[in-house]
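As structure tokens, the structure follows; a few thoughts come after it.
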Amino acid sequence: MPVVINGTTGIDTVQDGVISTAKIANAAVTAQKLGTNEQAGLVKAWVNFDGTGTVAIRASLNVSSITDNGTGNYNVNFATALADANYCTQVTTQPNTADTDLRFVGCVSLSSAPTTSSVRVVLGFTHTSGNGDKSQVNVAVFD
């Protein structure tokens, strides 16, 4: 969908030859202005946290806390519950400076199904059964 900048009144969208400011007015996008399909593509929660020692959230959206369940095993707890537990979770980590083997993966735990109030993520090496803590863990949830 092409976008036309409309001076001081904001951004107008053009669809099928019709100009509309309903969804984006004064460059402010809000959930109330978006349709169901557009809202479904937005991130519902995300967090960047330190998973070593005492777990600490650096920045987040709709995440109230992190529960440390042991080495490389965390619950990401949502501030506002999601509509259902059928969401998509993306987990990434940054290698620690001491890491010599970068075959490391973050994933949703097989032993604990996602719920509307939290998701359990596990960090571990792809070729061993061991888990590991990381100094930067990033989790994004799309519903």
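FYI, it's all coordinate maths here, none of it is from the lab. From a predicted model like this one, the values you see are computed outputs, not experimental measurements.
For GLN136, which sequence-distant residues (separation of 5 or more, or a different chain) have an amide H within less than 5 Å of its own amide H, given hydrogens modelled in the peptide plane?
Those qualifying (amide H under 5 Å, at least 5 residues apart or on another chain) are GLY51, GLN94.
Would you please give the residues with an amide H less than 5 Å from that of SER64, counting only those at least 5 places away or on a separate chain, with H modeled from the backbone geometry?
ASN77, PHE78, ALA79
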